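The values are calculated or read from the model by the stated rules, or taken from the named source; none is laboratory data. These numbers were taken from a predicted model, which means no experiment stands behind them. Here the Cβ is made from the backbone with ideal geometry for all residues, glycine too, and neighbour counts use every protein chain on show. What goes into the accessible areas is simple: the full protein's heavy atoms, side chains included, and nothing from ligands, DNA or RNA. Shrake-Rupley method; radii C 1.70, N 1.55, O 1.52, S 1.80 Å.
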Amino acid sequence: MLAIFHETFAHPPEELNSPASFSGSKTPKLPEETLKDFLARHPPNTFSVNFGQAAVLAYVPPDGRPFSPHQRLFCGFDEIYCLFLGSLNNLCALNKQYGLSKGSNEAMFFIEAYRTLRDRGPYPADQVLKELDGSFAFVVYDSRAGAVFAALGADGGVKLYWGITADGSVVISDDVEVIKEGCAKSYAPFPTGCMFHSEGGLMSFEHPMNKMKAMPRIDSEGAMCGANFKVDVYTRVNSIPRRGSEANWAEWGTD
């Protein structure tokens, strides 16, 4: 899967953007070039959905091989779209809890969970993700609100990467080669057990009361290459808002 979001609303951590990206022999590409590379690397039935200058989502459909625990799904409903990779072991119980039909897949569940968090609060997002049993990575794009919500499971069973393109857009994908080619030195693994929102920023859903700390990544050439983000066990956030439904549930951290 591949998701690209314009810098004007995605707001990724500034430590992800490495100054070395424009000083080496390989420089970052523009978003349209990265999308072209992704589509070229995957089967002909791979497709993308463009949301003007704001976002692009690209999806690689299942190839018909025997069942893999890392299923790939794409779903859209009520102007909310979800790319999903992995599998949830407790999906049936979650569907029942959220009033979804038994046949609803993981992408459908995440759209409904997002709508519930966005519209009805004040149940905290970190608690929702901690209730999930399985290996998962997802990106939700709310095209009406211009909001991005992404997360990666804590077990490390699924890999996800993110980076910054030539124009400052953020790219999220499970294809590390596309990320490397499109973002040069400005990329890193997406941290496990964490969630990112375009307004709320990056936080750990396993340790929501602790801040995240950027640890510079140095490549084999000695150049800074984005940053790994770790939970800072010594620094706690002041509070995690537990507000009513009129508030933005995703503003989960305050300094």
*Looking only at residues in region 9-26 that are open to solvent by less than 60 Å² (accessible area, probe 1.4 Å) and at pLDDT 85 or above, which one is farthest from V56 (Cα to Cα)?*
S18
*With region 145-218 as the region, which strands (runs of 3 or more DSSP E) entirely inside it contain at least 1 residues that are among the hydroxyl-bearing types (S, T, Y)?*
161-164, 170-173, 187-189, 201-204
*Restricting attention to region 238-248, does a residue exist that is part of a loop (DSSP other than H, G, I, E, B), of a type in the set (S, T, Y), modelled with pLDDT under 95 and open to solvent by 20 Å² or more (accessible area, probe 1.4 Å)?*
yes
*For A166, are the conditions met, namely being over 16 Å from A137 (Cβ atoms) and modelled with pLDDT under 85?*
no
*Of all residues in region 167-194, which are surrounded by fewer than 24 Cβ atoms within 10 Å (Cβ to Cβ), farther than 17 Å from K36 by Cβ and of a type in the set (D, E, K, R)?*
D174
*Filter result (modelled with pLDDT under 90 and either closer than 26 Å to Q53 by Cα or of a type in the set (S, T, Y) (or both)) within region 120-150*: Y123
*Where a residue in region 2-29 is within 9 Å of V170 (Cβ to Cβ) and of a type in the set (F, W, Y) and its partner, wherever it lies, is open to solvent by less than 90 Å² (accessible area, probe 1.4 Å) and assigned to a loop (DSSP other than H, G, I, E, B), with Cβ under 8 Å and at least six apart*: F5/A54; F5/S169; F5/S198
*Restricting attention to region 117-126, does a residue exist that is touching a strand residue (DSSP E or B) at 6+ places or on another chain (Cβ under 8 Å), among the basic types (K, R), surrounded by fewer than 21 Cβ atoms within 10 Å (Cβ to Cβ) and more than 25 Å from P189 (Cα to Cα)?*
yes
